[in-house]
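What follows is a single structure, written as structure tokens, with notes after it.
The values are calculated or read from the model by the stated rules, or taken from the named source; none is laboratory data. Just so it is clear, the model here is predicted, and its values are computed rather than measured. Cβ coordinates were reconstructed from backbone atoms using ideal geometry, including for glycine residues, and neighbour counts include every protein chain displayed.
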Amino acid sequence: MAQQPSFKTVFVFLDTDKYCSPFDMLVAIDAFPDSMIFKYENVTGEDAAKIVFDALFPRGPMGAQHTKIFINGSNFDMVSEVVAATQKCMASAPWGNSIIVDPRGAYSTAAGAVAKTLGLSLEKGFGTLEGKNVTVLAGTGPVGQTAARIYASEKANVVITSRTMAKGQAVADKINKEVGAERVKVVEVTKPEQTSAAVKDAEIILAAGAGGIQLLSAADLKSAAKCKIVADINAIKPLGVEGLGSNDDGVALSSGAFGIGALAIGKLKIKIETEMIKRATAAPQGLFDYSIAYEIGKAAILKKLAKAKA
Ligand SMILES: NC(=O)c1ccc[n+]([C@@H]2O[C@H](COP(=O)([O-])OP(=O)(O)OC[C@H]3O[C@@H](n4cnc5c(N)ncnc54)[C@H](OP(=O)(O)O)[C@@H]3O)[C@@H](O)[C@H]2O)c1
């Protein structure tokens, strides 16, 4: 009997940036220590088509299933172009494989942040995200806009802030179009004094700003009288929310809200990214993006809550 060929798992990293991030390559290697990585940088949609066809054909349909594409980069538009080109290749080729997309960790981080706030809300008896008022501070970056998109998909009323109204509005318009409802609004914050207006009705606040930027003072958090949960994804000092520590995980803050810090979110983020890679590796094909990331994060949180109750 002819012996079946055994195929090594290979991850083909397509990065739109100058340097391919070691972060995600390390997560992939830790999930599959015997795998190999081929990395390509400064990748455009045109390059992606050539690379993906060259990755699909040599190992045949069986081998292609062990050859996974990981698309990365800090510019969402460029990443989307590479994703679209890759999906087009898969659709026109006689066989395909699965695609993991996690632009500079934005999808798994945002999924982790939203899932953690949902979990804390359920744990404290505040209910699901549906109908909740959520403010995503600096909601225009890759992590912030993905979190806003996930909150909107959970039917929350979302406010995002930006220092530039037009930039914020472009993000809000895109998400509202995707979810088919006007769920995301923008508040321009050019000076710290304007932050209180953006959080006055918020029941959940997520600070999603660039590293080392404080977005919410303790006084502004205290003025947000309806706020029950506050989370921060910035682990670089100064942190995003004054009085909320990186390792805080559901702690009661002096404002009365419960807080979740960046490193607590980071632990779930790594679990989500690892599971995305494992699922993509087990599946013959498919797109593994922010919606799968959130599905994984939410399921992990709900499982943990159920276990705590049992
Ligand atoms: N915890 C984790 O596991 C984890 C994982 C990945 C990333 N992160 C962190 O997540 C955060 C967001 O990442 P990202 O890539 O989405 O961030 P980013 O694109 O660098 O910044 C997010 C937003 O911050 C605002 N911003 C930038 N500089 C500012 C300033 N000086 N003052 C006020 N606002 C400012 C900008 O919004 P406007 O221009 O619209 O005002 C920008 O769109 C970072 O802190 C990153 O380190 C955490």
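Worth a mention:
- Out of 138, 111, sole residue that is small (Gly, Ala, Ser), closer than 23 Å to residue 194 by Cβ, at pLDDT 95 or above and within 14 Å of the ligand (Cβ to nearest atom): 138
- Matching residues in the stretch 268-310 - criterion: being in a helix (DSSP H, G or I) and more than 27 Å from residue 175 (Cα to Cα): 278, 281, 282, 303, 304, 305, 306, 307, 308, 309
- Residue 220 closer than 25 Å to residue 258 by Cβ and crowded, with 17+ Cβ neighbours inside 10 Å: yes
- Test: residue in the stretch 161-171 that is touching a strand residue (DSSP E or B) at 6+ places or on another chain (Cβ under 9 Å), part of a strand (DSSP E or B), among the polar types (S, T, N, Q) and surrounded by 15 or more Cβ atoms within 10 Å (Cβ to Cβ): yes
Let's see how each residue does on (1) among the polar types (S, T, N, Q); (2) in contact (Cβ under 8 Å) with a residue 40 or more places away in the chain:
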position: 17; (1), (2): no, yes
position: 37; (1), (2): no, no
position: 56; (1), (2): no, yes
position: 59; (1), (2): no, yes
position: 86; (1), (2): yes, yes
position: 101; (1), (2): no, yes
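- Qualifying residue in the stretch 243-259 (condition: within 8 Å of the ligand (Cβ to nearest atom), in contact (Cβ under 8 Å) with a residue 12 or more places away in the chain, closer than 21 Å to residue 108 by Cβ and not basic (Lys, Arg)): no
- Check on residue 105, modelled with pLDDT of 95 or more, closer than 22 Å to residue 291 by Cβ and surrounded by 19 or more Cβ atoms within 10 Å (Cβ to Cβ): yes
- Single unsatisfied condition, residue 230 versus (1) part of a loop (DSSP other than H, G, I, E, B); (2) away from the ligand (no atom under 12 Å from the Cβ): (1)
- Number of the condition not met by residue 95 [criteria: (1) in contact with a strand residue (DSSP E or B) (Cβ under 7 Å, 6 or more places away or on another chain); (2) among the hydrophobic types (A, V, I, L, M, F, W, C); (3) assigned to a loop (DSSP other than H, G, I, E, B)]: (1)
- Of all residues in the stretch 124-160, those satisfying the criterion of being in contact with a helix residue (DSSP H, G or I) (Cβ under 7 Å, 6 or more places away or on another chain), assigned to a helix (DSSP H, G or I) and not aliphatic (A, V, I, L, M) are 142, 145, 146, 149, 151, 153.
- When the stretch 11-38 is limited to residues that are assigned to a loop (DSSP other than H, G, I, E, B) and aromatic (Phe, Trp, Tyr), the one that is nearest to residue 64 (Cα to Cα) turns out to be 32.
- Selected residue (criterion: farthest from the ligand (Cβ to nearest atom)) from residues of the stretch 260-288 that are within 12 Å of residue 109 (Cα to Cα), small (Gly, Ala, Ser) and touching a residue at least 60 places away in the same chain (Cβ under 8 Å): 264
- Any hit, the stretch 171-187, residues being of a type in the set (S, T, N, Q) and touching a helix residue (DSSP H, G or I) at 6+ places or on another chain (Cβ under 6 Å): no
- Single condition residue 168 does not satisfy, out of (1) within 16 Å of the ligand (Cβ to nearest atom); (2) under 24 Å from residue 252 (Cα atoms); (3) touching an Asp or Glu at 6+ places or on another chain (Cβ under 9 Å): (2)
- Residues in the stretch 68-88 that are surrounded by fewer than 20 Cβ atoms within 10 Å (Cβ to Cβ) and either in a helix (DSSP H, G or I) or more than 16 Å from the ligand (Cβ to nearest atom) (or both): 8 in all.
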